[in-house]
Amino acid sequence: MAFLEIKNVIIKGISACVPPTIEENANLPFYSEGEAKKVIDSIGISRRHICTDGITASDLCFSAASKLIEDLGWEKESIDLIGYVTQNPDYINQPTSFLIHDKLDLPETCICMDFFHGCPGWVVGLSGVMSMISSGTIKKALLLDGDMLSNDISKNDREARPLFGDAGTCTALEYKEFAPSVFFNIGTKSKDGKALIRLNGGYRNQFTMESLKFELDKRDGIIPLNDIADSMDSMDVFSFAITKVPKNIKILCANFDINITDIDKLVLHQANKFMIETIAKKTKFEMDKVPLSLEEYGNTSSASIPLTIVGTCGGEYASKKVKTLACGFGTGLSWGAVYFETENIICPKVIIYEKL
């Protein structure tokens, strides 16, 4: 097991930003009358914010970071590191953290790091950035996390289109001696990793004219869904989530002697409502301790944990001490569970992105 205990680091604030365009699942064109309601009741998602008009996940993260820096009162010269988690980089050959670094006008002494990861990405990125801060040589850092998976889906995909929304988030981290430890349990079940893989477009299977046209036509809904070879096995992913995730949440608590009954919030990746309820039941959490943001935002990949904190219980995090256990799971197949304590952090309301 990949257990980590990280000392001397605190979360100072969390912010989130979503694009202005809202897609209502009730209005999707491929559902018959009454069918949309059944889908919404099943997955727990009523609407999603989606990127249009050239907006990218990094734009959303930039807005979230700008707001959080302002509310924290941090001097930009004091920020020593930024990390960026995404599956949707702006460019193939340029780390997106460099672009955000430039837009934020951060100093040349600031380290920039990109983490290419899926649904557990916020937890994985948090472990990496916190590890670098814990020695004390880095004092302040930002962990940016955003995805725009709605752009990769066929417009006619009745299963995937109602699920995925877009968001960008920012988590501010700071060195503090004798801060409560942060505990991690991170793992990968790579033998089953192809359950969520996209085969074309990378350097293993580079786009040809034919495969690129196929990809673009798929997104536009031109190609019938029966002709789309999708390697995602939803039952494999579901089985993985409801078995591995509860087990590893319990293992994390047992390994670090964390009393589950003392935890205030179990914040799970917002995959779908039934999956979240099943994991909560298996870990013996009442649903009043398990916040849900997917009704308004859908599944926003690795951004879903910080977005859920900001969007559903930001007032609690801003006004009191909160003991949180969070877990992301999916791509890889992989998981990342983390336990942390916060107190009166900066947690502004979810920002609606405005193009400059």
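Residue by residue through the stretch 290-302, note down the ones that are among the hydroxyl-bearing types (Ser, Thr, Tyr) and open to solvent by less than 10 Å² (accessible area, probe 1.4 Å). 293, 300, 301, 302 - these are the residues of the stretch 290-302 that are among the hydroxyl-bearing types (Ser, Thr, Tyr) and open to solvent by less than 10 Å² (accessible area, probe 1.4 Å).
Only one of the listed residues (157, 220) is modelled with pLDDT of 80 or more, open to solvent by 20 Å² or more (accessible area, probe 1.4 Å) and within 30 Å of residue 36 (Cβ to Cβ). That residue is 157. Screening the candidates 98, 115 for the property of being over 17 Å from residue 17 (Cβ atoms) and in contact with a Cys (Cβ under 8 Å, 6 or more places away or on another chain) yields one hit, 98. Here is the figure for the stretch 268-281: residues that are among the polar types (S, T, N, Q) and in a helix (DSSP H, G or I) total 1. Candidates in the stretch 97-123 are the residues that are β-branched (Val, Ile, Thr) and either surrounded by 24 or more Cβ atoms within 10 Å (Cβ to Cβ) or without any contact (Cβ under 8 Å) to a residue 12 or more places away in the chain (or both); of these, the one that is nearest to residue 328 (Cα to Cα) is 123. Condition (residue is surrounded by 24 or more Cβ atoms within 10 Å (Cβ to Cβ) and of a type in the set (S, T, N, Q)) applied to the stretch 164-175: is it met by at least one residue? Within the stretch 164-175, one or more residues are surrounded by 24 or more Cβ atoms within 10 Å (Cβ to Cβ) and of a type in the set (S, T, N, Q). Within the stretch 124-182, being farther than 30 Å from residue 46 by Cα and in a loop (DSSP other than H, G, I, E, B) holds for 134, 135, 136, 137, 138, 139, 176, 177, 178, 179, 180, 181. Just one of the listed residues (250, 189, 213) is open to solvent by 30 Å² or more (accessible area, probe 1.4 Å) and modelled with pLDDT of 95 or more, namely 250. Taking the numbered list (1) assigned to a strand (DSSP E or B); (2) surrounded by fewer than 23 Cβ atoms within 10 Å (Cβ to Cβ) in turn, residue 11 passes all entries but (2).
Okay, residues lined up against (1) open to solvent by less than 10 Å² (accessible area, probe 1.4 Å); (2) in a helix (DSSP H, G or I); (3) at pLDDT 95 or above; (4) more than 17 Å from residue 160 (Cα to Cα):
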residue: 226; (1), (2), (3), (4): no, yes, no, no
residue: 238; (1), (2), (3), (4): no, yes, no, no
residue: 242; (1), (2), (3), (4): no, yes, no, yes
residue: 246; (1), (2), (3), (4): yes, yes, yes, yes
residue: 266; (1), (2), (3), (4): yes, no, yes, yes
residue: 304; (1), (2), (3), (4): yes, yes, yes, no
residue: 307; (1), (2), (3), (4): yes, yes, yes, yes
residue: 328; (1), (2), (3), (4): yes, no, yes, yes
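The values are calculated or read from the model by the stated rules, or taken from the named source; none is laboratory data. All figures in this text were calculated on a predicted structure; none of them were measured in a lab. Here Cβ is always computed from backbone atoms with ideal geometry, including for glycine, and neighbour counts include all displayed protein chains. Just so you know, the surface numbers come from the protein's heavy atoms only, side chains and all, with ligands and any DNA or RNA stripped out. Shrake-Rupley method; radii C 1.70, N 1.55, O 1.52, S 1.80 Å.
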